[in-house]
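A quick write-up on the structure given underneath.
Please treat every number below as a calculation from the coordinates, not as lab data. The model shown is predicted, which means the values in this text are computed figures rather than measured ones. A quick note on method: Cβ atoms are made from the backbone with ideal geometry, for glycine too, and the neighbour counts reach across all protein chains shown.
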Amino acid sequence: MNFHEFTTQVISEMRRRFPGCDIQLQEVPKLQGESYTGMAIHPSGGDIALTMNLEALFDRFRNDLYLGNPMKAIEREIKEAVAQMPQFDTEALTNYERMKEKLTLQLVPAAKNKDLLADIPHRNIEDMALVYRFDMGHNERTSSSILVTNKMLNAYGISAAQLHDDALEAASHSCPATLRNMNEVIRNMPGQTDPSPMWVASIENGQNGACVIQYPHFLDDAAETLGGSFYVLPSSIHEVLLLADDTSPSLSELENMVRTINQAEVAPEERLSDNVFHYDCESHIFENARTFEARQSAMEQSVANAEPFEAVKPDTMTVLLVQPNAYPKVIQIGSALEDLQHAVDGDIEAVYPFEDSVGVICNEEGKLRGLPANRALRDEGGHIYDVIAGSFLVVGLGEEDFCSLSAEQIDKFEALFHQPEAFVRMGHSITAVPIPDSVLQARDEHRDAPKLTHSSHDDR
């Protein structure tokens, strides 16, 4: 039996089994550029119709998921769905003052919904579009909403701007935003006692939660939580991921991450965008991350990369200090134990991972204390076998004690540890991603620059 034969039989059989209902075959348009062949069932005396996806029913039939009589199983599904249908006052649909409290938001990809967007009020946000719905009620199994159209807007006699403002106010109260650390969301990561650099933004029920990036004050509140500006990764229409821009991997890595997750993990109808976005908390600008980086590059100025060294003082040694999210520094440091402890913020541990006559002095409890991941140690094949947490020193090895590095050793290990690294857990492994120079320079310039007040642009 093909799909046409199946639908013909189902429509005929259900009309016989539900003589009091008006049952029709119809094509059902959906956001995300998708549509499906549906069976609309309008119960007698009811105000709303139930629509069953015939394509989904056919898939279950074709895969032998219906045990026994398929028509009997479909009849049972219809009865259960009708019993669970949310109830609402359809007369209220004509009264905007009553309906505006039910307004919610949904963020969808603009290009994929180009045709449908021509008939509905919306607001473009980069390559996405913000649309508006009336929440008509929900229960444990079903929910119902009505997409606001231009025809409805004209009937209400209101502007798109008023609809937008009313929807923001209603949605932010009825569907409050949530911002949870990734470690709260994924609770099966042993040893992760400190916050992850990644945060998950959505709404309380988790449905269509990506819209929170348009909630009043949400982006600025999130910036306070993350400690500054951040990247926005659109993981689906239901949620977005936030990552502070001073600790994130390269933009190319982030873009690849979003594309990979979209292809492998997200259903086509739930994909939002393959792009990465950025929120500049100083300028209050939400934009494509590529636009942000281009804007930052235009503002960058040449900076000095090094400072002249002072003459070596007695009882000191010249070593390399490597700090998280920073380039290595050649410093002079006392050789006493307390000097070394001060440099790494605690009791020291010396390791010797290289054939050269050098040692690495780090905090022996860095990982237990949750100090920030700094640099990876790799084997001869380039594979990561350990990650140093917190600041560490690269020192020379004398006959009985630590000593100054030679000029050649400084050059070699400055090059080895030159680029700061960010770390991302991928499955059961950890990936180290170099932090680009442009990100580090922009961060330093941002910290040193005088603070200016900028106007907020709601349509950015």
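For Ile203, the amide hydrogen comes within under 5 Å of the amide hydrogens of Thr178, Gly209, counting only partners 5 or more places away or on other chains and with H modelled in the peptide plane. Note on Thr260 and Asp437: the model spin-label points, each 7 Å out from Cα along the C-beta direction, lie 2.6 nm apart. Computed from the C-beta positions of Glu101 and Met1, the FRET efficiency with R₀ = 45 Å rounds to 0.45.
If R0 equals 41 Å, the separation of the Cβ atoms of Arg76 and Lys367 corresponds to a calculated FRET efficiency of about 0.15.
The simple spin-label model puts a point 7 Å past each Cα toward its Cβ; for His42 and Asp59 those points are separated by 2.9 nm. Of all lysines in the structure, the ones whose alpha carbon falls short of 27 Å from that of Lys102, not counting any fewer than 8 places away in one chain, are Lys30, Lys112, Lys114, Lys151.
Can you give the FRET efficiency to the nearest 0.05 for Glu399 and Ala326, using r as the Cβ-Cβ distance and R₀ = 25 Å?
Details: r = 32 Å, r/R0 = 1.28.
According to the calculation, E is roughly 0.20.
The slack in the chain from Thr178 to Lys151, taken as 0.36 nm per residue of separation less the alpha-carbon distance, amounts to 6.4 nm.
So for Ser297, Ser172, fewest C-beta neighbours within 10 Å to most, what's the order?
By the 10 Å Cβ count, ascending: Ser297, Ser172.
Arranged from fewest to most other beta-carbon atoms within 10 Å of their beta carbon, His217, His342 become His217, His342.
Counted residue by residue at 0.36 nm each, then reduced by the alpha carbon distance between them, the extension gain from Gln26 to Tyr66 reaches 12.1 nm.
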